[in-house]
Amino acid sequence: MATPTKPKRRAQIVAGSAKVARDSLISLDDRLPFARWLRPQLRKLFPSHWSFLLGELALYAFVMLVLTGTFLTLFYKPNPDVAYESVVELSLDVRGGLLIRQLHHWSATVFVLAIVAHMCRVFFTGAFRKPRELTWMLGVTLFALALFESFLGVSLPGDQLGMTGLKQAEGLLLSIPLIGTYLAAFVFDGPFPGQVIPRVFVTHVLLVPGILLAVVPGTR
């Protein structure tokens, strides 16, 4: 009987070790099913098609919005009389202020556009059908909140563009039958512009982002 050569012997040892390791992993997975949990998580990190990254892009833009918005909050003054002056000071006098403002602005733009593109992909591929109806509705809610948050952010500087938008919002509230005047008085705290800037600030910084943080995990 011929004795196996060294390369063949080494190959047999390697194959035997690989089989033992494979059997051990299979046995471990039967008792602790890590693979069944890890596989869908890896698909989120490494999707099978580039279009699935649109949702990730929206998530990363939202993280950038939170970071830059936190910086801007430190210098912005939510007072109707000095709101615009604080924005000018933030842009011109604070080191890196204008850069952070631009990052916040473009992150918001990317956030909204990524949501729109992601929803178009889901709609035209039929991925909103059963059993994903709830995820689709959460996505629609996320899109509406993103638009509302963008409107609030544009209104905060208190410039001509922002105050024009707020005036149109007041007109929209007043056009609601029966309760329109009460809603406008509640939102603006009296005649326009009232104390709307502080309320817009709280809604933009705390309320809507909190709802977004609650909705985002359900859309993944």
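None of Val94, Val116 is outside any loop (DSSP other than H, G, I, E, B) and modelled with pLDDT of 80 or more except Val116.
Results for (1) in a helix (DSSP H, G or I); (2) at pLDDT below 90; (3) more than 20 Å from Thr70 (Cβ to Cβ), shown as yes or no for each residue.
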{"residue": "Ile100", "(1), (2), (3)": "yes, no, no"}
{"residue": "Cys120", "(1), (2), (3)": "yes, yes, yes"}
{"residue": "Phe128", "(1), (2), (3)": "no, yes, yes"}
{"residue": "Leu134", "(1), (2), (3)": "yes, yes, yes"}
{"residue": "Ser150", "(1), (2), (3)": "yes, no, no"}
{"residue": "Leu166", "(1), (2), (3)": "yes, yes, yes"}
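From the set of residues in region 68-91 that are of a type in the set (Phe, Trp, Tyr) and part of a helix (DSSP H, G or I), which is modelled with the lowest pLDDT? Top of the filtered list is Tyr84. Here is the figure for region 174-202: residues that are buried (at least 16 other Cβ atoms within 10 Å of the Cβ) and either touching a His at 6+ places or on another chain (Cβ under 7 Å) or assigned to a helix (DSSP H, G or I) (or both) total 8.
Output yes when any residue across region 176-185 is within 24 Å of Val63 (Cα to Cα) and out of contact with any Lys or Arg (no Cβ under 8 Å at 6 or more places or on another chain), and no when none is. Don't jump to the end; show me each part of the working.
Pass one, region 176-185, residues within 24 Å of Val63 (Cα to Cα): none.
So far as region 176-185 goes, no, none of its residues is within 24 Å of Val63 (Cα to Cα) and out of contact with any Lys or Arg (no Cβ under 8 Å at 6 or more places or on another chain).
From the list Thr68, Thr109, Thr73, the one residue that fits, being under 23 Å from the mean Cα position of the chain (by Cα), loosely packed, with under 15 Cβ neighbours inside 10 Å and touching a residue at least 24 places away in the same chain (Cβ under 8 Å), is Thr73.
The values are calculated or read from the model by the stated rules, or taken from the named source; none is laboratory data. Treat the numbers as computed from the prediction; the structure is a model and nothing was measured. Positions of Cβ are generated from backbone atoms using ideal geometry, with glycine treated the same way; all protein chains shown enter the neighbour counts.
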